[in-house]
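I have placed the structure first, in the form of structure tokens, so that the comments after it can refer back to it.
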Amino acid sequence: MELNFPLIEKNILKFWKDNDIFKKLRKKNQDKERWSFLDGPITANNPMGVHHAWGRTYKDLFQRYKAMQGFDQRFQNGFDCQGLWVEVEVEKELGFKTKKDIEKYGIAPFVEKCKERVIKYSKVQTEQSIRLGQWMDWDNSYYTMSDENNYAIWSFLKTCWQKGMLYKGKDVVPWCIRCGTAISEHEILTEEYKEIIHKAIYFKLPVIGKKNTFFLVWTTTPWTLPSNVALAVSSKLDYVEIENKNKEVFILLENKKDLIPEGKILKKFPGKELDGLEYKGMFDELSAVKKSLKSKHKVILWKDVTGEEGTGIVHIAPGCGKEDFQLSKEFNLSVINPTDDESRYNKGFDFLEGKLVAEVNDLIFENLEKKKIVYKIEDYKHRYPTCWRCKEELIFRLVDEWYISMEKPRKPLMEVAEKIKWIPSFGLERELDWLKNMQDWLISKKRYWGLSLPIYECSCGNFEVIGSKEELEERAVEGWEEFENHSPHRPWVDKVKIKCGKCGKKISRILDVGNPWLDAGIVPFSTMGYFNNKEYWKKWFPADFICESFPGQFKNWFYSLIVMSTVLEDTFPAKTIFGYASVRDEKGEEMHKSKGNAIWFDDAVEKIGVEPMRWMYGRQNPALNLKFGYGAAEEIKRKLLTLWNSFVFLLTYVNKEEIISLNSQLSRNNLLDKWIVSKLNNLIEKVTKSLDKYNAASASSAIEDFFINDLSLWYIRRSRKRFQKPDSPEEKKEAAKILYFVLLNLIKLISPFMPFLSEEMYLKLKSEGMPESIHLYDWPKSEKELVDEKLEEKMVKVREIVTLALTERAKLAIKVRQPLKELIIADTDFKKEKELLDLIKEEVNVKKISFGKELKLDTKISSALKEEGMVREIIRNIQELRKKTGLKPEDKILVGYSGDSELEKIIYKNKKSVLEEARVKDLIKGGKETFDAEKTIKVGEKEIHLAIKKN
Ligand SMILES: [Zn+2]
Ligand SMILES: [Zn+2]
């Protein structure tokens, strides 16, 4: 029986479908105690990747485990639908470059395209997940673009507004030029910082009132220079005045004095002496600068100035930098905002007007060269933030955006986070760290496909938030009919106008859409009926378990879940939050389409099969990145093959009719049987405890250790004789019963991890009266009275002795098949237990065991022992030939032999044992018949030709 995973998996998928196994499972647990899993929505924007498959394996594994324990569950999958990620893909599809292209195309058809894309990929992902073996109520998946979900967020935002937490603020925010929108701080993860080479410029600004003296200043963002209003220095660090050959005096940080070669230091002083000095601006001739500049350019003191890069004199442009904007409030500096929504220079910037900020470096340099203030220009490599969707570099822009204030809820949020069990435990620390340092939540985006923020703003200064569709209808004074039958998306919802609650003017919705993490954060409420079926919601909220990849989620989904749950109910959304790391390639590097090291889910499934992937995912420590690849998969396959071979072993020696009788009362007379059953019960206990703690890695490593080291390498290995050459039919039956019992329970333990393989094995072991599927079994319980710790300890010693003795043999290059006279072992507490000593004797292949001070192997080989070894070698080769021809153990064969005369003699002399042990009907010297298989073997230095034929 070949272990062809894809083939097995497809057959089992059909079996499940044809027999409604999942439905039967749900029915079995209906109305029993609940276990509430809440699915974090997958973005339905592309086919799923092998990294999604990791998380989905966990989700499926724990749901299956809880189902076997009898818990009722919702089995609801979620799709994340709205947001920039979908827009960017649709823009690519349509060949769009900027927002203008979208507006030209029409917002309505564009939004429809986004919906279509989501529907398309939600179907693809559903099929892929089914292929992965994931059991979900697929017809009941939730979509964050649903009316239900969007209106739920409206209700949440209204609550925020009523609590005074919602406001419109001016701030300098990260902004993507291409996407034309602000990027919230939450969305910029460490991996969004890329090594980028920028042009850095050193320039000199004349100090007013000091002849021939200049501040030496440095920047990597030349486009912000027209907005310069001040220079910042450190009050504590030391600065110098330094003169060059041309008698120009520069002011800069002392430890940067090398920037002025052969300079002569005139004066050294602390930075605070520079406070308030004035200088001549670079672009004072621009009309926009003239208009906005309220006071003269001057030096300010700022504690964040360091001596690490630049000159220690920092260019400050409050219209283009976050900290700069803060400083403008503190020092009452002018704010010169250079750009519009398309990141082009505003009117009044003369030679720059209408130019994209990303394209003006040369113009600026040229202008400054003319003014003779360029000191030098060079390439500068640094880490710089990029857009998480389109990977373009971000700039910083002064804009009006909408925020949820996080000052008041900060402490309650942290208290709620502490009530959650975080796995791995460092999750709590990371979440608290974020909550402690986060700024207000920027929730608006100047885009098209997303939650329509239900904010209505009036020129009188009033703004109001609408909390539901019904409320909007009630307040509508225009456009309701045009909107009524549409989803609450742009552009339809924008038709509706309401009356300002303060001044009565007709007002519109602000055009912004919402941050997508609002969409995902509301799901413990929207999908569980918080707004329309509180009874149901109370049954399932909070979730017992959620599971997502943690890079990013502390700032994103976990965060939005906690915020929304705290604002609405002042409680935690889930009892346990389980996070796992990232999937990397086999070298540990990030997978990228462009790098050529990405592996697609569909390819992986066809090449590897689902089960080795699921096993790889299950046994991984979730705190560490998973190195995924075909090499790693081969290793896993080899392990699984060991399990499969144990199963095949049973089926080789026991036929279908016999199997039926195996499922009966056990008798455990044999010591090995007692041992493996004891081990099994310990395993059940260990796996159960681990899975109760959501520790799939420790559960699977225990299972793996069991099926490789205990079952295959010891139990079956040492029980072969009972199957192959039993002293009585009863002996074989007894052994078979135990192996059957162990395998059946083992595959129950494995079934949440590898639902296909376990089912395949089960269906072959199943007989009348047993459940239809392994997945309809109850989770096995460990039986204490079957555990024999003493025996297990003794077996550990037995195996240690064997390992030592075999190592000794290997050192001396004596094959295990060569019987030896005696093994002397140290005195043990099982000196009198023949069965244990026999295990050692057989495994080490010695005639006798004696006791002494230490382990010692008698390696003298008498001629009798040598002959026995040769016979064993010949028997083994006959058996290998049998295997090669696919003969069953009960098939009798004829063996022909010819070759070295001494070997021929030995065979003839030992005919009886060869006939018996290799199940041979007769031995024929020479043999001219046509044989099924043959080979020439080497025994010691001599050769003999063997051939076999079925008789
Ligand atoms: Zn972008
Ligand atoms: Zn008004």
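The values are calculated or read from the model by the stated rules, or taken from the named source; none is laboratory data. Bear in mind that the values here come from a model prediction, so they are computed numbers and not experimental data. All Cβ positions, even for glycine, are placed from backbone atoms using ideal geometry, and neighbour counts span all protein chains on display. When the accessible area is computed, the model is the full protein with side chains, heavy atoms only, and any ligands, DNA or RNA have been set aside. Shrake-Rupley method; radii C 1.70, N 1.55, O 1.52, S 1.80 Å.
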Self-check item: Flag if TYR536 is open to solvent by 10 Å² or more (accessible area, probe 1.4 Å), out of contact with any strand residue (DSSP E or B) (no Cβ under 9 Å at 6 or more places or on another chain) and either among the aliphatic types (A, V, I, L, M) or part of a loop (DSSP other than H, G, I, E, B) (or both)
Solution: no
Quiz prompt | Scope segment 587-609; condition open to solvent by less than 40 Å² (accessible area, probe 1.4 Å) and farther than 23 Å from SER129 by Cβ; matching residues | solution = GLY588, ASN597
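Conditions (1) open to solvent by 10 Å² or more (accessible area, probe 1.4 Å); (2) among the aromatic types (Phe, Trp, Tyr), marked per residue:
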{"residue": "GLY78", "(1), (2)": "no, no"}
{"residue": "LYS99", "(1), (2)": "yes, no"}
{"residue": "SER122", "(1), (2)": "no, no"}
{"residue": "TRP135", "(1), (2)": "yes, yes"}
Practice problem: Would you check if LEU757 is open to solvent by less than 70 Å² (accessible area, probe 1.4 Å) and at pLDDT 90 or above? | Solution: yes
Exercise. Would you mind finding the one in SER560, SER549, SER565 that is hydroxyl-bearing (Ser, Thr, Tyr) and either within 19 Å of the chain's Cα centre (by Cα) or open to solvent by 10 Å² or more (accessible area, probe 1.4 Å) (or both)?
Key: SER549
Practice problem: Would you point out which residue out of LYS158, LYS163 is touching a Lys or Arg at 6+ places or on another chain (Cβ under 9 Å), at pLDDT 90 or above, open to solvent by 10 Å² or more (accessible area, probe 1.4 Å) and of a type in the set (Lys, Arg)? | Solution: LYS163
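Filter the strands (runs of 3 or more DSSP E) completely within segment 362-444 down to those with at least 3 residues that are within 16 Å of ligand 1 (Cβ to nearest atom). Talk me through it step by step, then tell me what you get.
Values: elements: 374-385, 394-404, 421-423.
Passing ranges, in order: 394-404.
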Quiz item: What number of residues in segment 452-511 are within 39 Å of the chain's Cα centre (by Cα) and of a type in the set (Val, Ile, Thr)?
Solution: 5
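Table: residues versus (1) open to solvent by less than 10 Å² (accessible area, probe 1.4 Å); (2) in contact with a helix residue (DSSP H, G or I) (Cβ under 8 Å, 6 or more places away or on another chain); (3) part of a helix (DSSP H, G or I).
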position: VAL677; (1), (2), (3): yes, yes, yes
position: ASN681; (1), (2), (3): yes, yes, yes
position: ILE684; (1), (2), (3): yes, yes, yes
position: ASP705; (1), (2), (3): no, no, yes
position: SER719; (1), (2), (3): yes, yes, yes
position: ASP727; (1), (2), (3): no, no, no
position: GLU731; (1), (2), (3): no, yes, yes
position: LYS737; (1), (2), (3): no, yes, yes
position: VAL742; (1), (2), (3): yes, yes, yes
Quiz item: Which residues, taken from segment 168-184, are more than 16 Å from ligand 1 (Cβ to nearest atom), in contact with a Phe, Trp or Tyr (Cβ under 6 Å, 6 or more places away or on another chain) and not basic (Lys, Arg)?
Solution: GLY169, VAL172
Quiz item: Residues in segment 768-780: is at least one open to solvent by 70 Å² or more (accessible area, probe 1.4 Å) and either assigned to a helix (DSSP H, G or I) or more than 30 Å from LYS66 (Cα to Cα) (or both)?
Solution: no
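Would you check if there is a residue in segment 162-169 being out of contact with any Leu (no Cβ under 8 Å at 6 or more places or on another chain), part of a helix (DSSP H, G or I) and more than 16 Å from ligand 2 (Cβ to nearest atom)? Full working, then the answer.
Pass one, segment 162-169, residues out of contact with any Leu (no Cβ under 8 Å at 6 or more places or on another chain): 162-165, 167-169.
Next, from what is left, pick out any that are part of a helix (DSSP H, G or I): 162.
Retained after the next criterion (residues that are more than 16 Å from ligand 2 (Cβ to nearest atom)): 162.
There is at least one residue in segment 162-169 that is out of contact with any Leu (no Cβ under 8 Å at 6 or more places or on another chain), part of a helix (DSSP H, G or I) and more than 16 Å from ligand 2 (Cβ to nearest atom).
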Practice problem: State all residues of segment 469-514 that are outside any loop (DSSP other than H, G, I, E, B), of a type outside the set (Phe, Trp, Tyr), away from ligand 2 (no atom under 16 Å from the Cβ) and open to solvent by less than 20 Å² (accessible area, probe 1.4 Å); if no residue qualifies, say none. | Solution: LEU472, VAL493, VAL513, GLY514
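Residues in segment 424-441 that are open to solvent by less than 10 Å² (accessible area, probe 1.4 Å) and of a type in the set (A, V, I, L, M): how many?
Start the filter on segment 424-441 by keeping residues that are open to solvent by less than 10 Å² (accessible area, probe 1.4 Å), which leaves 427, 431, 435, 438, 441.
Within this subset, residues satisfying the condition of being of a type in the set (A, V, I, L, M) are 435, 438.
Result for segment 424-441: 2.
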Quiz item: Between a first residue in segment 163-179 that is under 12 Å from TRP441 (Cα atoms) and touching a residue at least 60 places away in the same chain (Cβ under 8 Å) and a second residue that is of a type in the set (S, T, N, Q) and away from ligand 1 (no atom under 16 Å from the Cβ), which pairs have beta carbons less than 7 Å apart while being 6 or more apart in sequence or on different chains?
Solution: MET165/SER405; TYR167/SER405
Quiz prompt | Counted residues, segment 744-767 - those being assigned to a loop (DSSP other than H, G, I, E, B) and either among the basic types (Lys, Arg) or closer than 18 Å to ASP60 by Cα (or both) | solution = 5
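Being over 18 Å from GLN724 (Cβ atoms) and either of a type in the set (Lys, Arg) or free of Cβ contacts under 8 Å to residues at least 12 places away in the same chain (or both) narrows it down to one residue among LYS884, LYS938, LYS892, LYS921; which is it? Steps first, please.
Numbers: LYS884 fails: over 18 Å from GLN724 (Cβ atoms); LYS892 fails: over 18 Å from GLN724 (Cβ atoms); LYS921 fails: over 18 Å from GLN724 (Cβ atoms).
None of the other options fit; the residue is LYS938.
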Quiz item: What is the one condition in (1) part of a helix (DSSP H, G or I); (2) within 16 Å of ligand 2 (Cβ to nearest atom) that SER459 does not satisfy?
Solution: (1)
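Across segment 610-638, what is the total count of residues that are surrounded by fewer than 16 Cβ atoms within 10 Å (Cβ to Cβ) and not aromatic (Phe, Trp, Tyr)? First the steps, then the outcome.
Initially, segment 610-638 is screened for residues surrounded by fewer than 16 Cβ atoms within 10 Å (Cβ to Cβ), giving 621, 623-624, 630-631, 634-635, 638.
Cutting the leftovers down to not aromatic (Phe, Trp, Tyr) gives us 621, 623-624, 631, 634-635, 638.
Counting residues in segment 610-638 that are surrounded by fewer than 16 Cβ atoms within 10 Å (Cβ to Cβ) and not aromatic (Phe, Trp, Tyr) gives 7.
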Quiz prompt | helices (runs of 4 or more DSSP H) wholly inside segment 551-630 that include at least 2 residues being of a type in the set (D, E, K, R) | solution = 601-607, 610-619
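Would you confirm whether or not segment 93-113 contains a residue that is under 28 Å from TRP615 (Cβ atoms), in contact (Cβ under 8 Å) with a residue 12 or more places away in the chain and not hydrophobic (A, V, I, L, M, F, W, C)? Break it down into steps so the answer makes sense when it comes.
Step one: filter segment 93-113 for residues under 28 Å from TRP615 (Cβ atoms), giving none.
Among the residues of segment 93-113, not one is under 28 Å from TRP615 (Cβ atoms), in contact (Cβ under 8 Å) with a residue 12 or more places away in the chain and not hydrophobic (A, V, I, L, M, F, W, C), which makes the answer no.
Look through LEU3, LEU94 and report the one residue that is at pLDDT below 95, open to solvent by 10 Å² or more (accessible area, probe 1.4 Å) and of a type outside the set (Ser, Thr, Tyr).
Numbers: LEU94 fails: at pLDDT below 95.
Exactly one residue qualifies, and that residue is LEU3.
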Quiz item: Mind checking which residues of segment 732-754 are in contact with a Phe, Trp or Tyr (Cβ under 9 Å, 6 or more places away or on another chain), more than 28 Å from ASP692 (Cβ to Cβ) and of a type in the set (D, E, K, R)?
Solution: LYS732
Quiz item: Which one is surrounded by the most Cβ atoms within 10 Å (Cβ to Cβ), of the residues in segment 781-819 that are assigned to a loop (DSSP other than H, G, I, E, B) and touching a residue at least 60 places away in the same chain (Cβ under 8 Å)?
Solution: ASP788
Exercise. Check segment 172-189 and report whether any residue there is among the acidic types (Asp, Glu), crowded, with 19+ Cβ neighbours inside 10 Å and more than 16 Å from ligand 2 (Cβ to nearest atom).
Key: yes
Exercise. Scan segment 339-366 for residues that are open to solvent by less than 30 Å² (accessible area, probe 1.4 Å) and either of a type outside the set (Phe, Trp, Tyr) or in contact with a helix residue (DSSP H, G or I) (Cβ under 6 Å, 6 or more places away or on another chain) (or both) and jot them down.
Key: THR339, SER343, TYR345, GLY348, PHE349, LEU352, VAL357, VAL360, ILE364
Practice problem: Return the residue satisfying two criteria in turn: it lies in segment 446-466 and is open to solvent by 10 Å² or more (accessible area, probe 1.4 Å) and touching a residue at least 60 places away in the same chain (Cβ under 8 Å), and of such residues it is farthest from ligand 1 (Cβ to nearest atom). | Solution: GLU464
